[in-house]
Amino acid sequence: MFSPSELTVKGGTVVTFQWAGSGHSVVVGSICGTPGQRIANISSAPFSATFTTPTVTTNTDVPFFCEPHCGLGMKGVIHVTP
Ligand SMILES: [Cu+2]
């Protein structure tokens with residue numbers, strides 16, 4: 001699972017995802033099976049990928065999930081602030 005599964009950062013922040021295991025991807029989206037922006041294809045540790053949060057004018061949530069394990073609850077959200 002993502003740890004932490006939630007964090008709060010300003011827009012324009014580079015967030016790094018670090019793999020601790022095998023067979024995980026990261027995509028933006030809130031509905032399992034409906035990927036948005038692709039942050040990383042399925043990869044295995046050691047691996048990392050970065051995502052730059054969008055610049056926003058109001059608080060905006062950016063949900064994300066792992067495609068193979070979304071149904072198991074492998075998902076999270078970045079709370080982006082102006
Ligand atoms: Cu996974």
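Computed as a quarter of the hull surface, the mean projected area of the alpha carbon convex hull for the chain stands at 4.7 nm².
Take every Cα pair under 8 Å in the range 6-81 that's 6+ residues apart, average their separations, divide by the length, and report that relative contact order as a whole percent. RCO, the range 6-81: 41 percent. What FRET efficiency would be calculated for the residue pair Thr58, Thr34, taking the C-beta separation as r and a Förster radius of 25 Å, to the nearest 0.05? Efficiency, from the Cβ-Cβ distance: 0.55.
For the range 44-82 versus the range 10-37, the spacing of their alpha-carbon centroids is 4 Å. Between amide H atoms placed 1.01 Å from N, distances below 5 Å from Thr13 occur with Thr53, all of them 5 or more places distant or on a separate chain.
Here, each number is a calculation from the coordinates, and none is a lab measurement. This is a predicted model, so every value here is computed, not measured. With ideal geometry, Cβ positions are generated from the backbone for all residues, glycine too; neighbour counts draw on all protein chains shown.
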